[in-house]
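Note sheet for the following structure.
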Amino acid sequence: MKRKSILFVAFILSTCFLNAQRVGSTREYIITLTSQWKGERFPDGRPKVSDNLLERLKKISLEDAWGVLRNKGYQNQFEGEWQIINPDSVMTGRVVTAQYMPSRPDLIDVVKEQGKVEGRAQQGGTNSWPINVLVDGDVYVADGYGKMADGTLIGDNLGNAIYAKSHRGVIFYGSVRDPQGLSEIQGFNAWVKGTDPSYIQQMMLTSINAPIRVGRAVVLPGDIVLANKWGVLFIPAFLAPDLVLTSEVTVLRDEFGHQRLKEKKYLAGQIDSEWSAEIKKDFLDWIHNYPGKLPMTQKELDDYLKERNY
């Protein structure tokens, strides 16, 4: 009886182990990772932050967005010092993650066999698998553990495939090949740690849409990317709506403050400290007579200002 119990427990444990060894994370696991997001989701479980919010995010500075994250306790979301294919453009999008490691033959066999079970392409390298799951608005983010020579995750062929599916680009803590060819893909962009003419060797994919580390930053599938020539910020999806709105209001506050300082209506200390009732009223009047188009709706702004001490 005792032997049967031991065998039964061993069977259960082995079944759990095998079920856990996926290349691509399950929908349930991704939902668990991003459980604070309460909105729409993609079929794979990733949060579906709206296209409108992604467009608004493009106009936000890294400093403003980072400040919101830091105030909420998220201090490990930024990575700088990139080589950028088209440095004067800004990229926002929804993250698909991939983890790479140095090759190990027995683990490669497990990954390839599991790839068959998951219905992944068997022709070509496993570095094409993350590309196959991309949809419009996705940014392919990979931890290539900083490998340069023989660590190039894509060249211009895969770059074209990525842009065709996502209309975005990539962020690699690693390298790419053929930067000239990549630069000729209209609309594509890449933030990488380096370039090299070699092909990928002695390197293997281990996971898709699992948590990864990109330098200083922790990245989850479904995070929102803000990438420009000054660095890359990874934003938890559930914080994105408030972050964008808060940053937009900060821009308006700064514009108002700069204008009033130029007009010599207030002293610098008055603008840089907590505003008096007089300045608050002046700001609200200025907002309601704003000469351009506000980035948010009037209702969004009114609701935000009711709940903030500015």
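Details
- Pair Asp282, Asp109: separation of 7 Å Cα→Cβ label points (nm): 7.5 nm
- Within the chain, longest stretch clear of exposed trypsin sites (Lys or Arg not before Pro) (DSSP loop, no more than 10 other Cβ within 10 Å): 39-263
- Projected label distance in nm at Glu274 and Thr297, using a 7 Å step from Cα toward the beta-carbon: 3.2 nm
- Computed over segment 56-159: relative contact order in percent, which uses C-alpha pairs under 8 Å that are six or more apart: 32 percent
- Calculated [θ] (222 nm, deg cm²/dmol) that DSSP helices of n ≥ 4 give over the chain, each run adding -39,500 (n - 2.57): -12000 deg cm²/dmol
- Subset of Lys165/Lys229; Lys48/Lys293; Lys38/Lys112 violating a 29 Å alpha-carbon distance limit: Lys38/Lys112
- Residues in segment 43-50 carry Karplus couplings, in order, of x, 7, x, 5, x, 10, 5, 5 Hz; the curve used is 6.51 cos²θ - 1.76 cosθ + 1.60 with θ = phi - 60°, and Gly or Pro positions show x.
- Backbone phi angles across segment 259-270, fed through the Karplus curve with coefficients 6.51, -1.76 and 1.60 (θ = phi - 60°), yield HN-Hα couplings of 5, 5, 5, 5, 7, 6, 7, 10, 7, 4, x, 5 Hz in residue order; Gly and Pro are listed as x.
- Phi-based couplings in Hz for segment 239-251 (Karplus 6.51, -1.76, 1.60; Gly and Pro marked x): 8, 4, x, 5, 4, 5, 5, 4, 5, 5, 5, 4, 4
- For Gly93, the amide hydrogen comes within under 5 Å of the amide hydrogens of Val225, counting only partners 5 or more places away or on other chains and with H modelled in the peptide plane.
- 23 Å Cα-Cα reach of Lys265 towards lysines, excluding residues that sit fewer than 8 places from it in its own chain: Lys280, Lys281
- Spacing of the two label points (7 Å from each Cα toward its C-beta) at Lys264 and Asn132, in nm: 7.0 nm
- DSSP-defined antiparallel bridges as percent of all bridges, the chain, nearest 5: 55 percent
- Loop chymotrypsin sites (Phe, Trp or Tyr not before Pro), segment 132-209 (other Cβ atoms within 10 Å of the site Cβ: 16 or fewer; DSSP): Tyr145, Tyr199
- DSSP bridge orientation in segment 140-283 - percent antiparallel, rounded to nearest 5: 45 percent
- Under-5 Å amide H pairs with Ile171, H placed in peptide plane, nonlocal only: Tyr140, Val141, Ala142, Trp191
- Within segment 156-238, percent of DSSP bridges classed antiparallel, to nearest 5: 60 percent
- Eligible aspartates and glutamates near Lys264 by straight Cα distance, threshold 16 Å, same-chain separation 8 or greater: Asp254, Glu255, Asp272, Glu278, Asp282
- Residues whose placed amide H lies under 5 Å from that of Val214, excluding near-sequence neighbours: Val219
- Annotation: extensible slack from Gln201 through Glu63 equals 45.9 nm (criterion: 0.36 nm per residue apart, minus Cα-Cα distance).
Throughout, read-outs are computed from the coordinates displayed, never taken from laboratory work. Remember, predicted model here, so these are calculated numbers, not experimental data. FYI the Cβ positions are ideal-geometry reconstructions off the backbone, even for glycines, and counts take in every protein chain you see.
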